[in-house]
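Down below is the structure, laid out as structure tokens.
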Amino acid sequence: DGQVWMWGNCRHGRLGYPPAMPQTRTAPDPRSLGLAAFGSSPVVLLNLRTNRAAAVTEMGELWAWGNNTCGKLGLGDDTLRVIPTLVTDGKMPAWGGSQVYMVCCGFQHQLVLTEDGAVWTCGEGTFGALGLSDLLDGWVPTRIMPAAFGGAKIVFVAGG
């Protein structure tokens, strides 16, 4: 039914539980975040990293929460998010008019793939992790130009 169930260590807001629950507490029992946490759209893909998570909904939206150092959630700042927060590229229409198809939480960055095969990236730019021909951190999702991939339509993303 598209719900997300989370349990375990609540530190850094990684479970997406409301702020009323202490974020350092262990949550041993599965708990649904509820569809309302994602704009009432069922989640079709969930990607987790040590201290954060990201989800793609049936509507092609991207939601992220948890640790946000270096802007790795793509929200334009480095503020911790303890509940799922809608991510856009800051433009209208978002994502170049396409819908988000896939998300991958890399080590300190995030990769987003849209249905049109475009790859977007944000977070820590150390070692060129963002693929933007520099070493700068990216606070909002930035599209990697198609020429970087020889014009190929990308169908899958993964980040270490």
Take the stretch 96-118 and flag every residue that is in contact (Cβ under 8 Å) with a residue 40 or more places away in the chain and of a type in the set (A, V, I, L, M, F, W, C). 100, 102, 103, 104, 105, 107, 111, 112, 113
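Is it the case that residue 112 is open to solvent by less than 10 Å² (accessible area, probe 1.4 Å) and part of a strand (DSSP E or B)? If you could, list the steps in order and put the result at the bottom.
Values: open to solvent by less than 10 Å² (accessible area, probe 1.4 Å): yes; part of a strand (DSSP E or B): yes.
Yes: the conditions hold for residue 112.
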Among the residues of the stretch 85-107, are any farther than 19 Å from residue 130 by Cα and touching a His at 6+ places or on another chain (Cβ under 9 Å)? no
Of the residues that make up the stretch 139-152, is at least one in a helix (DSSP H, G or I) and open to solvent by less than 40 Å² (accessible area, probe 1.4 Å)? no
Pairs, first at negative phi in the stretch 52-79, second assigned to a helix (DSSP H, G or I), C-beta under 6 Å, six or more apart: 57/38; 63/38; 65/13; 67/12; 78/69; 78/71
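Looking at the structure I just gave you, is residue 135 open to solvent by 10 Å² or more (accessible area, probe 1.4 Å), among the aliphatic types (A, V, I, L, M), under 12 Å from the mean Cα position of the chain (by Cα) and at pLDDT 95 or above?
Working: open to solvent by 10 Å² or more (accessible area, probe 1.4 Å): yes; among the aliphatic types (A, V, I, L, M): yes; under 12 Å from the mean Cα position of the chain (by Cα): no; at pLDDT 95 or above: yes.
Taking the combined requirement at face value, the residue does not satisfy it.
Are there strands (runs of 3 or more DSSP E) fully within the stretch 1-101 with at least 2 residues that are open to solvent by 20 Å² or more (accessible area, probe 1.4 Å) and not hydroxyl-bearing (Ser, Thr, Tyr)? List them. Walk me through it before giving the result.
Details: elements: 5-9, 26-32, 43-49, 52-57, 62-66, 81-87.
Ranges flagged: 5-9, 26-32, 43-49, 81-87.
The values are calculated or read from the model by the stated rules, or taken from the named source; none is laboratory data. Predicted model, so just to flag it, every value in this text is computed and none were measured. All Cβ positions, even for glycine, are placed from backbone atoms using ideal geometry, and neighbour counts span all protein chains on display. Each accessible area value is taken on the protein alone, full model and side chains, heavy atoms only, with ligands, DNA and RNA left out. Shrake-Rupley method; radii C 1.70, N 1.55, O 1.52, S 1.80 Å.
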